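The values are calculated or read from the model by the stated rules, or taken from the named source; none is laboratory data. Worth saying up front: this structure is predicted, and the values here are computed from it rather than measured. Here Cβ is always computed from backbone atoms with ideal geometry, including for glycine, and neighbour counts include all displayed protein chains. Accessible surface areas use protein heavy atoms only, side chains included; no ligands, DNA or RNA. Shrake-Rupley method; radii C 1.70, N 1.55, O 1.52, S 1.80 Å.
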Amino acid sequence: FLGCLNNKFFAEITKATVEVLGYLGAEVVVAQPRRCCGYPALVNGDPVVARRLAQANLEILADAGEVVVVDCPTCGTALRMYADLLAEDPVCRERAAELADKVLHVVQFALREISQADLGELPLTAAWHQPCHLPEPGSELLLKIPGLKVETIVEWCCGFGGAFSLDYYELARTIGSRVVDGYLATEARLLVTACPGCLAHLRDALRHKGAAGRVMHVSEILAQSLSTGAAHRAGPA
């Protein structure tokens with residue numbers, strides 16, 4: 001399921017996610033037509049539009065595959081909420097509950113499917129930022145990558161909060177600066193997260209501080225490690 005941010009602004013993340021799923025042996029089918037998960041409408045006070053999107057996505061996703069993978073944890077939260085959104089329709093509620101059981105963030109999918117042998121060495125130091133909507137600790141996945149030293153940041157929320165960061169930008173920046181300060185206090189100069197909203201907001205916070213560093217989505221660094229591992233197993237050309 002393509003979230004709006006990755007579909008429209010961060011195509012490199014979408015590409016990396018598809019590569020990760022391919023390396024892990026999944027057949028990837030992109031949900032069509034591409035629609036918003038409905039979460040922005042819901043949290044901005046328009047449940048009518050949110051329910052309309054939920055019904056449309058339910059038709060697309062209910063029988064689409066064994067697993068529905070997202071690389072935006074907020075989209076994952078939205079898809080799992082469809083049973084509540086559509087509670088007045090017993091049939092839709094039941095189908096939505098079945099869909100919720102199939103929704104996995106790419107971190108959750110990789111933790112379930114990956115083996116140490118799949119991964120290639122990445123001699124880097126990275127700091128991990130845990131998005132608020134991600135159910136699993138993504139640091140567990142990074143720690144599986146050979147050669148990668150992982151620093152953990154105590155502060156979690158980046159302050160993005162979707163439209164919150166547009167309506168209350170200075171406050172959102174203040175919240176995000178605490179994450180960036182935690183990152184800059186580590187030895188890492190690579191900050192890894194699992195949410196495109198967090199990624200955009202943390203890049204902005206780094207820019208305002210004039211600090212060196214790079215922010216990446218977990219799919220990107222995972223794709224690098226899996227590619228290195230595949231090349232190593234293949235041996236010389």
- prompt: Do you know which residues across the stretch 1-10 are open to solvent by 60 Å² or more (accessible area, probe 1.4 Å) and part of a helix (DSSP H, G or I)?
  reply: Cys4, Lys8
task: Collect the residues in the stretch 21-48 that are part of a helix (DSSP H, G or I) and more than 18 Å from Gly76 (Cα to Cα), keeping them in residue-number order.
output: Gly22, Tyr23, Val48
query: Residues in the stretch 18-29: is at least one touching an Asp or Glu at 6+ places or on another chain (Cβ under 7 Å), hydrophobic (A, V, I, L, M, F, W, C) and surrounded by 22 or more Cβ atoms within 10 Å (Cβ to Cβ)?
result: no
query: Is it the case that the stretch 111-127 has a residue that's open to solvent by less than 20 Å² (accessible area, probe 1.4 Å) and in contact with a Cys (Cβ under 6 Å, 6 or more places away or on another chain)?
result: no
statement: With the first residue restricted to the stretch 50-78 and required to be within 19 Å of Cys92 (Cα to Cα), and the second required to be β-branched (Val, Ile, Thr) and surrounded by fewer than 16 Cβ atoms within 10 Å (Cβ to Cβ), Cβ contacts under 8 Å at 6 or more apart or on different chains are Ala64/Val29; Gly65/Val29
- request: Test Ala172 against the stated conditions and say whether it is more than 19 Å from the chain's Cα centre (by Cα) and closer than 17 Å to Pro196 by Cα.
  value: yes
field: Qualifying positions in the stretch 95-131 - of a type in the set (Val, Ile, Thr), more than 14 Å from the chain's Cα centre (by Cα) and outside any strand (DSSP E or B)
entry: Ile114
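Table: residues versus (1) open to solvent by less than 20 Å² (accessible area, probe 1.4 Å); (2) not in a helix (DSSP H, G or I).
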position	(1), (2)
Gly162	no, yes
Leu166	no, no
Glu170	no, no
Gly176	yes, no
Gly197	yes, no
Glu220	no, no
- prompt: Quick check: is even one residue across the stretch 71-93 open to solvent by less than 10 Å² (accessible area, probe 1.4 Å), assigned to a helix (DSSP H, G or I), under 24 Å from Glu136 (Cα atoms) and among the hydroxyl-bearing types (Ser, Thr, Tyr)?
  reply: yes
